[in-house]
1. Do you know which residues across region 50-90 are small (Gly, Ala, Ser) and at pLDDT below 85?
2. Could you list all residues from region 67-85 that are loosely packed, with under 13 Cβ neighbours inside 10 Å and in contact (Cβ under 8 Å) with a residue 12 or more places away in the chain?
3. Is region 147-170 home to any residue that is in contact (Cβ under 8 Å) with a residue 12 or more places away in the chain, among the acidic types (Asp, Glu), in the same structural domain as VAL59 (by TED's automatic domain parsing) and farther than 22 Å from LEU60 by Cα?
4. Among residues belonging to region 88-121 that are crowded, with 19+ Cβ neighbours inside 10 Å and of a type in the set (Ser, Thr, Tyr), point out the one that is farthest from LEU170 (Cα to Cα).
5. Looking at (1) in contact with a Leu (Cβ under 8 Å, 6 or more places away or on another chain); (2) at positive phi, which is the only condition GLY133 fails?
6. Has region 114-127 got at least one residue that is under 20 Å from SER196 (Cα atoms), assigned by TED's automatic domain parsing to the domain that holds LEU172 and assigned to a strand (DSSP E or B)?
7. Give region 122-135 a look and list any residue that's of a type outside the set (D, E, K, R) and either buried (at least 17 other Cβ atoms within 10 Å of the Cβ) or under 21 Å from ASP182 (Cβ atoms) (or both), or say none.
Amino acid sequence: MNKEVNNDNKKRNKKAIYVVLIGLILFNLIFWYGFFIFGYGSRFNDGGAKTNTVIQTGVLDLEIKGGNAIKINNAKILNQDEINTKSSKFNFKVYHSSKSTVDNAIYYINLSDIKMTNNLKSKYFNWSLQNNGKVLAQGTFAKLNGNNIKLNEDGIILPKENTDNLTLTLWLVNDLNVNQNDLLHGNFSANITMESYVYN
């Protein structure tokens, strides 16, 4: 009889030990998971705040002024000496508002929601992005994949209460050695958009 009681007590003690061990394991898992997500995880996100987003380090407020919708109908083919005067130019500003509580932002300009006729997906259809008269990036639409393009791979740093004056230029360039009739009557539209982040 005593042996049976002792055996029952041993079994209960083992079960109690198992329950305590499982509880400790679960507690540790929950604790470390919470620490990573709310501790280190927040550090990873500090530099990724986008426009008008409240983050741990403050508020970032950038905006595009001057209109962001662009459109070209019946694009014309231009000689090299006509590009400066007859190309399609779209002027806009990026303003870093005094509402920001961070000193510096870094931003990237995109073309989004691009709609274009297939004949303009060509190495002869060029774009150029300038900031305060300086060329930041340029390229063609020959390898357009999808309907979005990031224009500047190198971010532009903009201090608070400052404005950048940007120009997007689009043109079809003439090649005298090639029949370019297939480039005529092309149409293009897109929106100028921006990604912005805190710059530390």
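1. Within region 50-90, GLY58, GLY66, GLY67 meet the criteria.
2. GLY67, ALA69, LYS71, ASN73, ASN74, ASN79, GLN80, listed by residue number.
3. There is no residue in region 147-170 that is in contact (Cβ under 8 Å) with a residue 12 or more places away in the chain, among the acidic types (Asp, Glu), in the same structural domain as VAL59 (by TED's automatic domain parsing) and farther than 22 Å from LEU60 by Cα.
4. SER100
5. (1)
6. no
7. At the first step, the residues of region 122-135 found to be of a type outside the set (D, E, K, R) are 122, 124-133, 135.
Matches in region 122-135: SER122, TYR124, PHE125, ASN126, TRP127, SER128, LEU129, GLN130, ASN131.
The values are calculated or read from the model by the stated rules, or taken from the named source; none is laboratory data. This is a predicted model, so every value here is computed, not measured. Note that we place each Cβ from the backbone using ideal geometry, even for glycine, and neighbour counts take in every protein chain shown.
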